[in-house]
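Engineer: Okay, here's the structure, questions in a sec.
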Amino acid sequence: MTQDPNLLNLPLNQISDEQFKSFFDELMGQKGIKEQSVVQGRVINISDEWVTVDIQYKAEGMIATSEFKTPEGEITLKLNDIVDVYLDTLDEEDGVLFLSKEKADLMKAWEEISKAVEKDEVVKGQIVARVKGGLAVDIGVKAFLPGSQVDLRQVKNLDKLIGETYEFKIIKFNKKRGNIVLSRRVLLEQERESKRDETIQRLREGAILTGIVKNITDYGAFIDLGGIDGLLHITDMSYGRLNSPHDMFEVGQSVEVKVLKFDADTQRVSLGYKQIRPDPWEEVEYKYPVGAIVRGKVVSIPDYGAFIELEDGIEGLVHISEMTWNKRIKHPSKLVEVGKVIEAKVLDIDVENKRISLGMKQLEQNPWDVVEQQYPVGSIVKGTVRNITDFGIFVGIDEGIDGLVHISDLSWSQRVRHPSDRFKKGDPVEARVLSIDKENERFSLGIKQLGEDPWYTVHSRFFLGQVVEGAAVHMADFGVFVEIEEGVEGLVHISELAHGESGDWQKEYAPGEDGVPKKIRCEILHIDAHDRKMSLSEKGATERAAGDVEDYRRRSGEAGARLGDVMGDVAKKLKK
C-alpha cells in the first residue's frame, strides 16, 4: 500500500480527492471483487432515485435511493461515503454491475446472528408485527417469537407489545431456510433464577420489600419480589372498604409490602400493604369519643341501617332504629343514600371488635321529651289509625308518636273479636290518654274511657230479685252471658237455665237463622260492681211469672246458698 493507512482516521474534508481515489483503488485491488459477495464501494453520486457506487470495476453500479432510507424516510448518505454493497453479478461484455444495499445488510445480519448462535449470545430486536401463533421480530432479519415464549406468564394481548424492543435468545436457527425462532421467556427465567436465591435470603416474616405488581385478580395482586412471587390479598391492602384491587394498584406498579408469612418448602409468600401503615383503630377512642358529633360518607345501606365512613379504615353503623324518632320508616334508603355526607352522634365504641355505633335521631329533639306536657294523662287526643293488630290499634298522634288502644279498651259494652271488625287504616279516632311510659316509648290510649263505665252506677238501675230481659250474646260450657243493657252483662249458669238439663241446650240459646241473638228473661241473683259480675237465673224469672211464690222463696234460699259455689266454679272455668 503506497498511501498512509492513517488516512482512514482522518475526516473526509481533510483528504483530497486524489489521495482518497489512490487509497481506495489500492484497497479494492487488495480485496478483489467476486460475484455474490459483499464488497465496498465509494458513493460518487446521489439523486432522488439512484445512488451511484464505484467499486473499482470497469463500470459503476447503481442502487435505488430507497435502499438507503432510514425507517423515518431520511437519507444520511453523503458523497465519498464508503458503503458495503452486495455484488450479485458482473456482466463482463456490457460492463453492467448488479448491486444491492439491502442484500449486503441482510448478509451482514446473518453473519452476526450466526456468530451469536455459535457464542450463545443474546440478540436485540424490535417487535414489528402480530403473526399467526406469535410475533414477528426484526433483529436485522425477520425472526419468529412464539406466543408461549413472550413472557413468564401468558400474554393475552400481544398487540400491545408491537414497537417494543427487547433482548432475545435464539432457540432455533436455520440459515439455509432463513428460519430463526426466538425466546424472551428463557432470558426471563434465567434472570428470575439468578434473583430467586438472593430474594429468599431476604425473605422473613416482618421484612419490608419492594416489588412489582405482576398480575391483578378479583381477590388480590401478585407481587414480583425478585425471582419469587407473593400474594397480596385484597383484605391486606387497606384498612378501609375496597371493592376491587384495581382501585388501588395497576400492573407494573412498584409497591412496598410487608412479608406476613413465608413457607420455605412451598415458597409461598403472603404479603401485606396496610400492615406497614398505622392502624387507624389505635386512636379511634381519642378521635371519636362517645357523644361526639361526626361527619362521614354513606358507603353501604343494608336493610338494618347504614355504614358511614369516617375516614379510611374507620366505619360506623347507624342502625335503622337510631335514624329517626319516626318508627314508620321501613328502609334506611328512605333517609340516606350512598355517597352522601351526613352528621351523626357517637353512641358507643367497641375497639376490640372494631365497631362504632352512631345515631342520627340524637341530633334532633326527642318528641317523647315533651309528650307528657302536650298530652297529659286524662286528656283527649285525636289521630288516625296507622296500624291494626290482633291486640289493638295504633293511633298516630304526632310525628314519631303512636298511641296504642288495646282491644280491651275499645268498648265497655261490645265484645270485639278483632279490632279490624270496627276500624281500618286511616280512620279518624278520638281517645283518652291512659298512661305514658317515656323510657320505653309507650303511649296507652282508651276509646271506651271517653264514656262513663256503666258498672259504676249499676246498683242505681238494678237490684236483687229484679226480672230483666236481655240478649244471649255469648255461650260458654258453663252457661250463657246475657246483655241486659249496653255495657252490662250477666251470667246465667247452666243450672239456672230453663233448658240447662237438655243435652243440646246450647242450640236452644243460639242466635236465629237471621243472626239475631235470642232474648231471655232472667232474675237477678247477685251483683258485684267491683268485679263487674252479675248472676242471673232464667228459672227464677219463669217461676215468678207463674206466681209460685213459695217455690220462689225456696229457690231464692237455695240460690243464695249455691251462689258462692257457682261463682267459684265460674271463676275457675274462666281462668282455664
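Any read-out appearing in this document is the output of simple, stated calculations on the displayed coordinates, not a laboratory observation. Being a predicted model, the structure only gives us computed values, none of them experimental. Quick reminder, even Gly has a Cβ in these numbers, built from the backbone with ideal geometry, and neighbours come from all protein chains shown.
Engineer: With a cut-off of at most 16 other beta carbons within 10 Å, and DSSP calling the residue loop, which trypsin sites (Lys or Arg not before Pro) in region 254-345 qualify? Please list them.
Structural biologist: LYS327, ARG328, LYS330, LYS340
Engineer: Pulled fully out, how much extra length does the chain show between HIS233 and ALA116, if you take 0.36 nm times their separation in residues and subtract their Cα-Cα distance?
Structural biologist: 37.7 nm
Engineer: Say the dipole of the chain comes from +1 at the beta carbon of Lys and Arg and -1 at that of Asp and Glu; which of LEU97, GLY383, SER535 then lies farthest toward its positive end?
Structural biologist: Of LEU97, GLY383, SER535, it is SER535.
Engineer: Of all chymotrypsin sites (Phe, Trp or Tyr not before Pro) in region 453-522, which ones are in loop regions per DSSP and have a Cβ with at most 13 other Cβ atoms within 10 Å?
Structural biologist: For chymotrypsin sites (Phe, Trp or Tyr not before Pro) across region 453-522 that sit outside H, G, I, E and B with at most 13 neighbouring Cβ atoms in 10 Å, the list reads PHE463.
Engineer: Another one. Assigning unit charges at the beta carbon (Lys, Arg +1; Asp, Glu -1) and nothing else, what dipole magnitude in debye, to the nearest 20, does the chain show about its Cα centre?
Structural biologist: 1380 debye
Engineer: Follow-up question, since we're still on this one. So what's the angle, to the nearest 10 degrees on a 0 to 90 scale, between helix 185-202 and the longest Cα principal axis of the chain?
Structural biologist: Approximately 60 degrees, to the nearest ten.
Engineer: Need the list of lysines near LYS175 for cross-linking: C-alpha distance under 17 angstrom, and skip anything on the same chain fewer than eight residues off.
Structural biologist: Correct list for LYS175: LYS103, LYS108, LYS115, LYS119, LYS142.
Engineer: Check the straight Cα-Cα distances from LYS518 and name the lysines below 29 Å, setting aside those fewer than 8 residues away within the same chain.
Structural biologist: LYS448, LYS507, LYS533, LYS539, LYS572, LYS573, LYS575, LYS576
Engineer: About the Cα centre of region 263-419, how large is the charge dipole given +1 on each Lys and Arg Cβ and -1 on each Asp and Glu Cβ? Please answer in debye to the nearest 20.
Structural biologist: 800 debye
Engineer: Related question: So for the chain, taking the charge dipole from beta-carbon charges (+1 Lys/Arg, -1 Asp/Glu), which of ILE407, ILE200, VAL137 sits furthest toward the positive end?
Structural biologist: Looking along the dipole axis, the top candidate is ILE407.
Engineer: Report the gain in length on full extension from GLU364 to VAL377: 0.36 nm times residue separation, minus Cα-Cα distance, nm rounded to one decimal.
Structural biologist: Fully extending the segment from GLU364 to VAL377 adds 2.2 nm.
Engineer: To make sure I understand, if each residue's beta carbon is the centre and we count other beta carbons within 10 Å, what order do LEU225, LEU203, LEU79, LEU145 fall in, fewest to most?
Structural biologist: Starting with the residue having the fewest Cβ neighbours, the order is LEU79, LEU203, LEU225, LEU145.
Engineer: Taking the Cα of ARG177, stepping 7 Å toward and past its beta carbon, and measuring to each backbone N in region 122-137: which are under 20 Å?
Structural biologist: Only 131-137 pass the distance filter.
Engineer: If you don't mind, another one. Which links in LYS297/LYS438; LYS274/LYS361; LYS327/LYS424; LYS258/LYS287 stretch past 24 Å when you go from one Cα to the other?
Structural biologist: Exceeds cut-off: LYS297/LYS438; LYS274/LYS361; LYS258/LYS287.
Engineer: Something else about it: How far, in degrees from 0 to 90, does helix 549-575 lean away from the longest principal axis of the Cα atoms of the chain, to the nearest 10?
Structural biologist: Computed tilt is about 20 degrees.
Engineer: Restricting to the chain, what percent of DSSP beta bridges are antiparallel, rounded to 5?
Structural biologist: 95 percent
Engineer: Could I ask something else about it? Counting other beta carbons within 10 Å of each residue's own, what order do LEU464, LEU135 fall into, fewest first?
Structural biologist: If I rank by nearby Cβ atoms, fewest first, I get LEU464, LEU135.
Engineer: When we measure straight from the Cα of LYS156, which aspartates and glutamates land under 15 angstrom away, once same-chain ones fewer than 8 places off are left out?
Structural biologist: Partners within reach: none.
Engineer: Would you mind working out the magnitude of the charge dipole of region 339-488 relative to its Cα centre, with +1 at each Lys and Arg C-beta and -1 at each Asp and Glu C-beta, to the nearest 20 Debye?
Structural biologist: 380 debye
Engineer: Need one word for region 176-221: rounded, prolate or oblate. Basis is the Cα gyration tensor (sqrt eigenvalues a ≥ b ≥ c); a/c below 1.5 gives rounded, then a/b vs b/c decides.
Structural biologist: In terms of gyration-tensor shape, oblate.
Engineer: Placing +1 on the Cβ of each Lys and Arg and -1 on the Cβ of each Asp and Glu in the chain, which of ALA344, ILE393, VAL257 has its Cα farthest towards the positive end of the resulting dipole?
Structural biologist: Going by the charge dipole, the pick is ILE393.
Engineer: Can you give the extra length, in nm with one decimal, that the chain gains between GLU337 and GLU205 once fully stretched, where that is 0.36 nm per residue apart less the Cα-Cα distance?
Structural biologist: Length gained, GLU337 through GLU205: 43.3 nm.
Engineer: Could you list the trypsin sites (Lys or Arg not before Pro) in region 371-421 that lie in coil according to DSSP, counting only those with at most 14 other Cβ atoms within 10 Å of their Cβ?
Structural biologist: ARG415, ARG417
Engineer: Under Stokes-Einstein, with the Kirkwood radius over Cα pairs standing in for Rh, what whole-number D in µm²/s applies to region 280-363 at 20 °C and 1.002 mPa s?
Structural biologist: 169 µm²/s
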